[in-house]
Amino acid sequence: MSLDKILSISGKPGLHKLVTQTRTGFVAESLLDGKRSTVNMRTNVSVLSEIAIYTLEEEVPLREVFSKIQTKENGEKTSVKHKDDKLKLEEYFFEVLPNYDEDRVYASDIKKVIQWYNLLRDRGITDFSEPKENKETEESAAE
């Protein structure tokens, strides 16, 4: 499953999988407990494939950050927990993404990234490569 179908829904803990669209919104299934819920169109929803982390030069897509964490941890869970203190989280994130913008990426953002990575890993969602459609589109645009 790609990050295109994984959502962060405001006011609901954890991550959710997009199940189907309805007339007034969509149905999402929690990756924490598997419960399904309907979400209306007015709810603030973020698709993980659209989220990026600020660095000093550019914005790095979240899938690339997840991929770097996966490489650093050899596919295992992170060596830090999302509830660790701010300094420990920032040191860990600096190892993963050395040029992240410390003024625009807060400890709460780092906690979410670590928590989301571990949740996705636990659910067997470990393919953080770029979707094939985007690669084909970029290649044809380059020609």
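Checking the a/c ratio against 1.5 first, then a/b against b/c, what shape does the Cα gyration tensor give for the chain? The shape class here is oblate. Net charge in the neighbourhood of residue 32 (other residues with Cβ under 15 Å of its Cβ; Lys, Arg +1, Asp, Glu -1) is +4.
With 0.36 nm allotted per residue and the present C-alpha distance subtracted, the residue 72-residue 101 stretch has 8.4 nm of extension available.
Residue 5 exposes around 100 Å² of accessible area when a 1.4 Å probe is run over every protein chain in place.
Accessible area per residue (1.4 Å probe, heavy atoms of protein chains only) ranks 36, 123 as 36, 123, with the largest value leading. In plain terms, the chain from residue 126 to residue 33 could stretch by 31.6 nm, reckoned as 0.36 nm per residue minus the Cα-Cα distance. Of the GluC sites (Glu not before Pro) found in segment 1-91, those in coil by DSSP whose Cβ has at most 14 other Cβ atoms within 10 Å are 57, 58, 76.
Computed with a 1.4 Å probe over protein heavy atoms only, the accessible area of residue 37 comes to about 30 Å². Entry comment: accessible area of segment 3-120 is 59 Å² per residue, from protein heavy atoms only and a probe of 1.4 Å.
The values are calculated or read from the model by the stated rules, or taken from the named source; none is laboratory data. These numbers were taken from a predicted model, which means no experiment stands behind them. Please note: Cβ atoms are built from the backbone with ideal geometry, for glycine as well, and neighbour counts cover all protein chains shown. What goes into the accessible areas is simple: the full protein's heavy atoms, side chains included, and nothing from ligands, DNA or RNA. Shrake-Rupley method; radii C 1.70, N 1.55, O 1.52, S 1.80 Å.
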